[in-house]
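Scroll down for the structure; my scribbles are underneath it.
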Amino acid sequence: MNKKDILFPYDELRKGQEDFIVDVNNSILFGGKLIGSVPTGVGKTVSVLSPLVSFVLDRNYCGFFLTPKHTQHKLAINTLRLIKERYKIKFNAVDFIGKRFMCGQEGVAVLSNGEFHEYCRDIREKGTCDFYNNCTNKKSSAKKELLIERLKELGPLHVEDVCKLCIDEGFCPFEISCMIAKESKVIIGDYYHILSTGVRDALFLKINKSLDKSILIFDEGHNLISRVRDLMTVNLSSFILDNAIKEANNFHYDEYADILNELKNKLENLNKDKLSVEINEGLVKKQDFIFNEQYIQDFSIIADEVREVKKRSFIGLVGGFLEAWLGGETGYARILQRGFLKSGKVNISLSYRCLDPSLITKKIIDEAYSVIVMSGTLLPLEMYRDLLGFSDVKMKEYDNPFPVENKLSLIVPNISTKFTKRNEEMYKRIANEVSEIVNNVPGNVAVFFPSYNILKDVDRFTVIKKTGFYERQGLTKEERDEVIEKFKSHKDHGGVLFGVSGGSFSEGIDLIGDYLKGVVVVGLPLSRPDVETKELIKYYDDKFSKGWDYGYILPGMTKAIQASGRCIRSETDKGVIIFLDERYTWDMYHRCFPKDWDIKISKLPVERINRFFTSK
Ligand code: SF4
């Protein structure tokens, strides 16, 4: 492979990288599809962006590099800048995040996506958004052109820089980015920009792109399945209805306050009919919750009026739910649940939940010119093929570039967090194992539990000689970064980070070098066997005869392996990864570990840990 042909910006290729680049290049050249399990360290971002840029440069195609989180955009933009500088080539690229995060208006970040789009549309139509007006006025046209030229010259730029420059000049960053995107060869975006049909259609129309001329790259692809399900799921709750009733009263829509009260009564009656003191969730049918379909349109009109005054409308949320509730049955479950609000008040919720992501992704995959899904944790590849709806696709697990001897991977089968085995005695045993391991790893250790409750139950009994840092539910990005920075500062005397598998510390944080010397994954982070999980198992059993694997076991194993991946982030990192649960030795779970992991089973982990860290 000639590095110049694919505009590779570094001097050296890493182990496994060339193999991956060749497959990416072939997929792009021949309009193919690829699902790649690409271990950390291969250099995924540069491996896809180099062949992508070289392909789109003189062709009428556009590459979309899509991520589940904004934080991953930085590396992509930096890589594009590197390619541009190294090969002295000119091309435009744009970095998009959710429109509300790019918006120049104050106070919009608290709105939901749907609410924000209504708000933005509303003030554009009324001519009260000056940022937008400047983008469309003839008067500001010369200033706008100058700004666009400057951004193209400086680019590709991070979205934060684009937003700052645009807002300082009085222009809407999203509108200006769309203008540049029309001439761009690469777009960095969120999954949502492509997965949401409404958002994609509107964006494509504005930036003059189409799926058949697009190369879609989904980074951190293990998130795709849950992201699509969440995107296609809607909820209605007593909380939303109470707020909608207040809103109707405040805006003097007395008749609609009565209608909303009626809907609330229906929800409460459903609770009485379908649930009991012992059973707090169950399946319902579309006909269990019927209403006059005219409400959908009426609520939408009222919500528009509400948003003129206060940006957010609960009546709009109710209207959105009613519209979705009329949708089809295949691939969805209708679930009624009873829970409690923080105030202790009972909250009944009704949801129309998507079980089958391929209802959305299959069409996208079939229509796009080329699709690449990649992640360090994408096993088994067949599951992603089946669940996302790929038909003709190359699937491959790439070699790990890091020396095997730098990592000690152990399964310690001494405990279990299986529901039937959870009791005080077991929590003490887990605490004992965790304490022993953490105290014997020289340096920082992260310990991930299957849930916050188990973390709390075990933590009462741990005896750890290191400073503890704890993940809390609902941490903001700033709070999360603060905890990580403090944890990192303990690398010499040792700190311990307690988190949850699938939580905010188990993914997307890089603790390279001495910042993390060990990870302990306590128990198996399986989903609760609730109604949704049972429906998933049933659905995938009917569709693929793999209900337990696809609906229960494999998503749990993905979370565990993802959490363990925080440890070895560079080729010189040395660390231990301990899976603490007897079930990891069972074949149904054990087969999910990557093929090149030299994973050992040990009842005496401390001896092995000490040997590992004292050996050269
Ligand atoms: S047009 Fe732009 S600045 Fe105005 S509300 Fe919409 S996103 Fe915000």
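A compact table of results
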read-out: Cα-centred dipole magnitude for the chain, charges only on beta-carbon of K, R (+1) and D, E (-1), debye, nearest 20; value: 1220
read-out: DSSP bridge orientation in the chain - percent antiparallel, rounded to nearest 5; value: 25
read-out: Shape call, segment 110-169: gyration tensor on alpha carbons, a/c limit 1.5; value: oblate
read-out: Nearby aspartates and glutamates by direct alpha-carbon distance to residue 209 (threshold 12 angstrom, same-chain neighbours under 8 apart not counted); value: 183, 201
read-out: Counted charge near residue 440, where neighbours are those whose Cβ lies closer than 13 Å (Asp, Glu -1; Lys, Arg +1); value: +2
read-out: Net lengthening on full extension, residue 78/residue 288 (0.36 nm per residue, minus Cα-Cα); value: 70.3 nm
read-out: Accessible area (Å², 1.4 Å probe, nearest 10) - residue 254; value: 100
read-out: Packing rank of 345-355, 267-277, where each peptide gets the mean count of other beta carbons within 10 Å, highest leading; value: 345-355, 267-277
read-out: Contact order normalised by residue count of the chain, Cα under 8 Å, 6+ apart, percent; value: 16
read-out: Selected from 461, 450, 474, residue furthest toward positive end of dipole (segment 443-485; charges at beta carbon); value: 461
read-out: Residue-span extension gain [residue 477 to residue 342] - 0.36 nm each, minus C-alpha spacing; value: 46.4 nm
read-out: Dipole magnitude of segment 316-362 about its Cα centre (Cβ charges: Lys, Arg +1; Asp, Glu -1), debye to nearest 20; value: 280
read-out: Between segment 107-126 and segment 282-304, the Cα center-to-center distance that results, in Å; value: 22
read-out: In Å², nearest 10: area of residue 325 left accessible to a 1.4 Å probe; value: 0
read-out: Cα-based reach from residue 345 at 20 Å (exclusive), listing aspartates and glutamates while leaving out same-chain residues under 8 positions away; value: 242, 247, 262, 268, 273, 278, 281
read-out: Accessible area, probe 1.4 Å, largest first, for residues 427, 384; value: 427, 384
read-out: For segment 411-476, convex hull of alpha carbons as volume per residue, Å³; value: 104
read-out: Sites residue 261 and residue 421, calculated FRET efficiency, Cβ-Cβ separation with R0 41 Å, nearest 0.05; value: 0.30
read-out: For segment 25-120, size of Cβ-based charge dipole, Lys and Arg +1, Asp and Glu -1, in debye; value: 460
read-out: Signed unit charges on C-beta, dipole axis of the chain, positive-most listed residue 187, 136, 210; value: 187
read-out: Proximal charge balance of residue 375 [Cβ under 10 Å; K/R count +1, D/E count -1]; value: -1
read-out: Dipole-positive endmost among 350, 302, 313 within segment 227-367 (Cβ charges, Cα centre); value: 350
read-out: Eligible aspartates and glutamates near residue 139 by straight Cα distance, threshold 15 Å, same-chain separation 8 or greater; value: 130, 169
read-out: Relative contact order, percent, segment 286-348 [alpha-carbon distance under 8 Å, six or more residues apart]; value: 26
read-out: D (Stokes-Einstein, µm²/s), Kirkwood Cα radius, segment 268-360, 1.306 mPa s at 10 °C; value: 106
read-out: Accessible surface of residue 429 - all protein chains present, 1.4 Å probe, nearest 10 Å²; value: 110
read-out: Length gained when the stretch residue 602-residue 137 is fully extended (0.36 nm per residue, less Cα-Cα span); value: 160.3 nm
read-out: Cα gyration tensor, the chain - rounded (a/c under 1.5), prolate or oblate; value: oblate
read-out: Relative pair counts by distance (%), Cα atoms of segment 307-465, 10 Å bins; value: 7, 18, 20, 27, 21, 6, 0
read-out: Of 185/559; 99/286; 138/164; 213/534; 342/465; 206/311, pairs whose Cα-Cα distance is over 28 Å; value: 185/559; 99/286; 213/534; 342/465
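The values are calculated or read from the model by the stated rules, or taken from the named source; none is laboratory data. No experiment lies behind these values; they were computed from the predicted model shown. Every residue, glycine as well, gets a Cβ built from its backbone with ideal geometry; the counts of neighbours run over all protein chains shown. The protein model used for the area step is the full one, side chains on, heavy atoms only, and it has no ligands, DNA or RNA in it. Shrake-Rupley method; radii C 1.70, N 1.55, O 1.52, S 1.80 Å.
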